[in-house]
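K.L.:
Provided herewith is a single structure, encoded as structure tokens, for subsequent inquiry.
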Amino acid sequence: MKPRIYHNPRCSKSRATLALLTDRGVEFEVVHYLDTPPTAATLRRLVHKLGLPATALVRATEPEFRAYAAGRTLGDDEIIELLVAEPKLLQRPIVEVAAAARIGRPPENVLELFS
């Protein structure tokens, strides 16, 4: 599998991660996830590859998420369905390789996928 970055060009961390990979000569596929939102199956795959709960995929400080989650405990399925409906709440960037994925916050986090 060719490495893939779930990218938002308006995000400085996403742009920095893209530049970091480009500077290191990594060939990768760019997924503009706001234009092509990930499916529930894709998000489940990313959760598995990250080895983290689905909450790790969420930009939890966004007002839309705080309003949605207020006073509730959300399970992975609820989080994934929310992200399918509201892809702007997806943490960014996420870099995925064959067996693993990392969130690029900070961008250097993704380098361990290529060492």
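The values are calculated or read from the model by the stated rules, or taken from the named source; none is laboratory data. This one's a predicted model, so the numbers in the text were calculated from it and none came from an experiment. Please note: Cβ atoms are built from the backbone with ideal geometry, for glycine as well, and neighbour counts cover all protein chains shown.
K.L.:
Which of (1) touching a helix residue (DSSP H, G or I) at 6+ places or on another chain (Cβ under 8 Å); (2) within 22 Å of T22 (Cα to Cα) is the odd one out, the single condition E112 does not satisfy?
P.N.:
For E112, the exception is condition (1).
K.L.:
Looking at segment 84-92, can you tell me whether even one residue there is within 29 Å of S115 (Cα to Cα) and either part of a loop (DSSP other than H, G, I, E, B) or among the small types (G, A, S) (or both)?
P.N.:
Taking every residue of segment 84-92 in turn, at least one turns out to be within 29 Å of S115 (Cα to Cα) and either part of a loop (DSSP other than H, G, I, E, B) or among the small types (G, A, S) (or both).
K.L.:
Just give me the residues in segment 22-34 being over 23 Å from R59 (Cα atoms) and surrounded by 14 or more Cβ atoms within 10 Å (Cβ to Cβ), in sequence order.
P.N.:
Scanning segment 22-34 gives V26, F28.
K.L.:
Please count how many residues of segment 35-51 are exposed (fewer than 14 other Cβ atoms within 10 Å of the Cβ) and part of a loop (DSSP other than H, G, I, E, B).
P.N.:
4
K.L.:
Return the residue satisfying two criteria in turn: it lies in segment 93-102 and is in a loop (DSSP other than H, G, I, E, B) and modelled with pLDDT of 95 or more, and of such residues it is nearest to H32 (Cα to Cα).
P.N.:
P93
K.L.:
Report yes if some residue within segment 9-20 is touching a strand residue (DSSP E or B) at 6+ places or on another chain (Cβ under 9 Å), assigned to a helix (DSSP H, G or I) and surrounded by fewer than 13 Cβ atoms within 10 Å (Cβ to Cβ); otherwise report no.
P.N.:
Within segment 9-20, none of the residues are touching a strand residue (DSSP E or B) at 6+ places or on another chain (Cβ under 9 Å), assigned to a helix (DSSP H, G or I) and surrounded by fewer than 13 Cβ atoms within 10 Å (Cβ to Cβ).
K.L.:
A further question on this structure: Name the residue, out of R105, R66, R72, that is part of a loop (DSSP other than H, G, I, E, B), loosely packed, with under 13 Cβ neighbours inside 10 Å and basic (K, R).
P.N.:
The match here is R72.
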